[in-house]
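A quick write-up on the structure given underneath.
What follows draws every value from the coordinates through simple rules; no lab data is involved. If you're wondering where the values come from, they're calculated on a predicted model, not measured in any experiment. Positions of Cβ are generated from backbone atoms using ideal geometry, with glycine treated the same way; all protein chains shown enter the neighbour counts.
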Amino acid sequence: MDNEAVALDAVHRYVWSGFYDTNEIVQIITESIFDRGEIDPKWLRAEIERAFQTKFAEEKSWPETTDCDRMDQVFATLEEQGILALQNAGNEQSDGIADVTKLYHDAGRERSDIVGYCFYHGQDVEGVLKFNELYLTYGDILGDVDRGVEIGRRIKHALEAVGFAVEWDGSVKTRLLLKGIKWQRRYQSPGD
C-alpha cells in the first residue's frame, strides 16, 4: 500500500471515530504513521477536510439518539456508580490501564469512591468501525477477581438496559463484546 492509501485509511478511521479535529488528525498521522517528508501536509489536510464534509453530510440522516449517544449515557451511569468509564483510552489495552491507574491515584486511591473500571481504546474503535463490534475492558479497581466479575455484570446490565446486545461468558478474563453497534459519533469540540 502506498503512502497516500495508508494516509487515507487513517483519515477515514480518525474522522469517523468522532474524537479528533482536523489539526489533531494531521498531527497524529504526520507524527505517528509517517516520517518527516513522507506525506504532504497540505494534501493531508485537504483530504481530512473532505472526509469531514462527507461525514457531516451523513450525520444529517442519523437518528437523534445514536448508539454512541446511548454509550455516553451508560458510561455516565457507570461513573455515578463508582466505575471509571473511559472512551478512546489510548491506543491499546495497556494505555487504558495506565489511564485508569492514574485517574484512581489522582482521585485519592482508597479514599475515593472508585470500585471498578470500564474502557475501550483506539484499536477497539478501529474494530467497531470495521465490524460493528466493540470490546470493553473492565475490572475491579484493586484487581479482585470476584469483584471484577461483579463489575462485569453491572456493566453488562447497564448496557443491556439501553438496548445493547452484549456477549460475555461471565469470566473476568474475557472482555465484554457489544454486537451490532452502529458507530455514529458526532464530533464535539472540547468547548461544547
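Laid out as a table, the results:
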read-out: Vicinal HN-Hα couplings computed from phi for the range 163-172 (Karplus, 6.51 cos²θ - 1.76 cosθ + 1.60; Hz; Gly/Pro x); value: x, 6, 8, 10, 9, 6, 8, x, 9, 5
read-out: Those lysines that a straight Cα-Cα span of less than 25 Å connects to Lys102, excepting residues fewer than 8 apart in one chain; value: Lys156, Lys173
read-out: Rounded tilt (10° steps) of 3-17 against the dominant C-alpha axis of the chain; value: 40
read-out: q = 0.11, 0.14, 0.21 Å⁻¹: log10 I(q)/I(0) that the Debye formula gives for the range 67-179, counting C-alpha atoms only; value: -0.31, -0.50, -1.20
read-out: Test item: Cα-centred dipole of the chain, Lys/Arg +1 and Asp/Glu -1 on Cβ, debye; value: 320
read-out: MRE, 222 nm, helices only [DSSP H, n ≥ 4, -39500 (n - 2.57), over the chain, to nearest 500]; value: -16000 deg cm²/dmol
read-out: log₁₀ of I(q)/I(0) at q = 0.23 Å⁻¹ - the range 132-192, Debye sum with one point per alpha carbon; value: -0.89
read-out: Within straight-line cross-link reach of Lys130, lysines at Cα separation under 17 Å, skipping those fewer than 8 residues along the same chain; value: Lys55, Lys179, Lys182
read-out: Nearest 10 degrees, 0 to 90: helix 41-59 Cα axis against the chain principal axis; value: 60
read-out: DSSP-defined beta bridges in the chain - what % are antiparallel, rounded to 5; value: 75
read-out: Shape metrics for the chain, restricted to C-alpha atoms - Rg then Dmax, Å; value: 18.0, 53
read-out: Estimated Rh, the range 1-83: Kirkwood, alpha-carbon pairs, angstrom; value: 14.5
read-out: On Cα atoms only, tilt of 122-131 relative to the major axis of the chain in degrees; value: 80
read-out: Full-extension gain in nm, Glu80 to Phe19, via 0.36 nm per residue minus C-alpha separation; value: 19.7 nm
read-out: Three-way shape label, the range 98-157, alpha-carbon gyration tensor, a/c 1.5; value: oblate
read-out: Whole-Hz ³J(HN,Hα) from phi, Karplus 6.51 cos²θ - 1.76 cosθ + 1.60, for the range 85-98, glycine and proline x; value: 10, 10, 10, 6, 7, x, 9, 9, 4, 5, 5, x, 4, 5
read-out: Positive-end residue, the chain charge dipole about Cα centroid, Cβ charges, pick of Phe56, Gly180, Val145; value: Gly180
